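Visitor: Below are the structure tokens for one structure; questions will follow.
What follows is calculated from the coordinates using simple rules that are stated; it is not laboratory data. From a predicted model like this one, the values you see are computed outputs, not experimental measurements. So basically every Cβ, Gly included, is an ideal-geometry build from the backbone, and we count neighbours across all protein chains shown.
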2 protein chains.
Amino acid sequence: MKARFNKVAIAGMGLMGGSLGRALLERKLALEVTGVGRNIKKLKLAMKKRAATSVTTDYKAGFSGADIIVLSVPVDMIPEIFRDNYRFMDPSCVVTDMGSVKGAIVGEIEKIEKSFPGRRNVFVGSHPMVGSEKTGIANSSAGMYEGGTCIITPTVNTDKKRVEVIRSVWKALGMKTVEMTPGEHDEKISGVSHLPHMLAFLLSNMEAGVIKNNREIIGNGFRDTTRIGASSEEIWGGIFMENKKALSTDIDRAINGLNKMKALLAGSDINSLKRYIRNARKTRELLNK
Amino acid sequence: MKARFNKVAIAGMGLMGGSLGRALLERKLALEVTGVGRNIKKLKLAMKKRAATSVTTDYKAGFSGADIIVLSVPVDMIPEIFRDNYRFMDPSCVVTDMGSVKGAIVGEIEKIEKSFPGRRNVFVGSHPMVGSEKTGIANSSAGMYEGGTCIITPTVNTDKKRVEVIRSVWKALGMKTVEMTPGEHDEKISGVSHLPHMLAFLLSNMEAGVIKNNREIIGNGFRDTTRIGASSEEIWGGIFMENKKALSTDIDRAINGLNKMKALLAGSDINSLKRYIRNARKTRELLNK
């Protein structure tokens with residue numbers, strides 16, 4: 001199989017970037033993968049894990065000549081890295097990211113692109129819905145993307161041909177792709193990812209006493225519900241902040257739901273409580289099918 | 001290996017009762033296991049699954065002559081079944097339950113025992129911290145109890161010898177045992193089991209639209225966080241209601257936590273937000289060790 005791309009540059013060789021490099025090389029989708037980052041020790045580990053064919057702390061060298069550039073850094077750093085290195089990117093390259101927030105990122109990057117008139121927009125927003133609470137190249141795997149779904153978030157300003165290129169990358173990694181606007185993405189992902197992470201952090205903090213002193217009474221229910229509560233503060237602090245509008249709305253909806261259940265308890269309204277649980281069960285069972 | 005008990009009666013042959021019967025027979029801890037319940041079809045399935053050596057819908061016949069009686073029914077039915085069948089139980093028998101709430105159940109049952117002066121108290125509260133969101137004998141397994149922890153909740157009124165008998169039963173099934181008061185149990189289990197279930201039901205209901213229409217964008221984080229959201233309304237409606245005091249306190253704590261995070265978002269206080277997440281991560285990581 002012939003490699004589809006001569007050079008793919010990945011900024012940030014953590015769990016997501018590292019897994020991407022490994023998958024691209026293992027599937028022979030890129031002749032060359034350049035890992036770009038600030039920490040040379042981590043970059044060297046990425047080389048050892050065969051997540052890159054070369055690594056550099058020099059963004060200019062890393063991005064120059066790349067067909068595809070993937071910004072795999074915490075969401076609050078994505079527009080900054082794009083801005084600082086835009087001038088090193090080939091005019092014909094395609095740039096994407098893997099951030100869990102899209103509205104703020106896509107908006108910022110489009111502003112930057114607009115400030116360079118005469119150049120075609122190079123950026124296409126992506127959010128591959130895979131990963132784990134674990135971080136770092138050490139936990140990376142070439143199969144991480146396979147079977148998952150990637151959300152692509154083009155706008156009216158996005159180059160359609162580049163959307164097709166990015167879609168082909170994710171598909172070549174074994175992903176399904178869906179398209180939605182950045183705003184629709186942020187609202188939906190707030191509910192099915194950001195709020196669940198917040199609740200997992202909340203539960204872990206609330207039950208710190210039992211976790212520390214009575215761990216033996218903690219069962220699998222708590223473990224599964226809070227698994228993502230072991231996720232990184234560097235990644236999730238930024239995600240929550242960048243999606244604060246949709247997330248705050250979901251927090252309000254969660255508080256309303258909790259108050260409703262508290263009222264059912266206070267009123268000893270077991271029939272309504274069972275109906276509420278029954279609806280939840282029937283809905284959740286759809287995901288097991 | 002010689003069986004330790006001649007006859008164990010289990011009222012309720014669902015996931016928990018069925019798994020118990022299978023484990024007792026497989027480990028030859030009981031010569032005879034009698035499954036007692038209302039639905040003869042389900043009882044016959046229990047026989048087929050080797051969860052019982054005999055079954056009956058007649059509580060009198062089922063409980064008579066049993067050394068051990070285990071009430072494995074939804075928590076709101078435990079005191080009722082005890083009350084209605086107390087007179088059929090051998091004076092020397094030991095009775096326990098597997099309910100996820102202890103204060104209300106133990107209190108009710110001690111009241112019933114007190115109304116029969118001259119008889120030694122037969123009841124010892126248990127809560128084996130194992131199980132699943134699935135229900136029914138079809139999902140039972142002989143190994144379900146192995147490696148788990150069982151909380152035993154004696155009071156000043158509990159017969160110490162019977163506590164030892166019950167402890168030996170759970171230990172023979174491969175469980176660790178810990179003792180605490182019914183009140184302490186309910187407070188701790190509210191936080192590490194009841195509130196997590198409530199949050200899983202809440203998330204499943206809140207995200208019903210995405211679950212029904214955009215299932216492809218739902219990742220493993222949401223799936224794990226809401227797994228127990230597929231639990232039975234018949235079991236959990238009763239648990240929530242019977243533990244309403246501790247659970248309402250935990251709901252208030254959760255709402256306070258959510259309001260705190262909303263304020264951090266509104267104030268763009270990313271450092272405090274990262275600190276909050278970092279504490280949660282460090283705490284949750286303790287469970288992975």
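Visitor: Tell me which residues come under 5 Å, amide H to amide H, from A:A30 once H is placed; ignore anything under 5 positions away on its chain.
Guide: Those qualifying (amide H under 5 Å, at least 5 residues apart or on another chain) are A:R4, A:F5.
Visitor: Taking segment A:18-86 as the region of interest, what is the percent of Cα-Cα pairs per 5 angstrom bin, listed from the shortest bin to the one with the maximum distance?
Guide: Answer for segment A:18-86: a P(r) of 3, 17, 28, 26, 18, 6, 1 percent.
Visitor: Give me the percent relative contact order of segment A:184-288, please, defined on Cα pairs under 8 angstrom at least 6 residues apart.
Guide: Across segment A:184-288, relative contact order equals 33 percent.
Visitor: Return the Cα extents of segment B:203-281 along principal axes one, two and three, sorted largest first, each rounded to a whole Å.
Guide: Here the spans come out as 43, 39, 21 Å, largest first.
Visitor: Measuring from a point 7 Å out along Cα→Cβ, what nm distances, shortest first, does B:A61 have to its partners in the other copies?
Guide: 8.6
Visitor: Please quote Rg/Rh for segment A:5-180 to two decimal places, taking the Kirkwood radius as Rh and restricting both calculations to Cα atoms.
Guide: Rounded to two decimals, Rg/Rh equals 0.93.
Visitor: Report the gain in length on full extension from B:K28 to B:K176: 0.36 nm times residue separation, minus Cα-Cα distance, nm rounded to one decimal.
Guide: Length difference between fully extended and current span is 51.3 nm.
Visitor: What does the charge add up to near B:L264, with Lys and Arg as +1, Asp and Glu as -1, over the other residues with Cβ less than 12 Å from its Cβ?
Guide: Result for the neighbourhood of B:L264: +4.
Visitor: Relative contact order of chain B: what whole-number percent is it, with Cα pairs under 8 angstrom and at least 6 residues apart?
Guide: Relative contact order here is 16 percent.
Visitor: Let me ask you something else. State, to one decimal in nm and shortest first, how far the label point of A:R83 sits from each corresponding label point in the other identical copies (label point: 7 angstrom along Cα-to-Cβ).
Guide: 7.0
Visitor: Under a 5 Å amide H to amide H cut-off, with H placed in plane at 1.01 Å, what residues pair with A:G131 once short-range neighbours are removed?
Guide: none
Visitor: Over all residues in A:241-252, what is the mean tally of Cβ atoms on other chains that come within 10 Å of each residue's Cβ?
Guide: 3
Visitor: Any chance you could tell me what percent of the C-alpha pair distances in the protein assembly as shown go past 32 Å? List each step's numbers first, then the result.
Guide: On the way: 86899 of 166753 pairs.
Beyond 32 Å sits 52 percent of the P(r) for the protein assembly as shown.
Visitor: For chain B, set up a Gaussian network in which alpha carbons nearer than 10 Å are linked by springs, and say which option among B:Y276, B:Y145, B:Y86 fluctuates the most.
Guide: B:Y276
Visitor: For chain A, what does -39500 (n - 2.57) per DSSP helix run (n ≥ 4), summed and divided by total residues, give at 222 nm, in deg cm²/dmol to the nearest 500? All intermediate terms of the calculation are to be shown ahead of the outcome.
Guide: Working: 13 runs with 141 residues, N = 289.
For chain A, the value works out to -14500 deg cm²/dmol.
Visitor: Within segment B:25-51, name every residue whose backbone N is under 13 Å away from a label modeled 7 Å from Cα of B:M77 along the Cβ vector.
Guide: B:36-43
Visitor: Need one number: nm distance between label points at A:E146 and A:S115, each 7 Å from Cα along Cα→Cβ, rounded to one decimal.
Guide: For the pair A:E146/A:S115, the computed spacing is 4.3 nm.
Visitor: Say each of A:K161 and B:S168 gets a label point 7 Å from the Cα, pointing the same way as Cα to Cβ; how far apart are those two points in nm?
Guide: Going from the A:K161 label point to the B:S168 one covers 8.2 nm.
Visitor: What does the copy distance list look like for A:E108, label position 7 Å along Cα→Cβ, in nm and ordered from shortest?
Guide: 5.6
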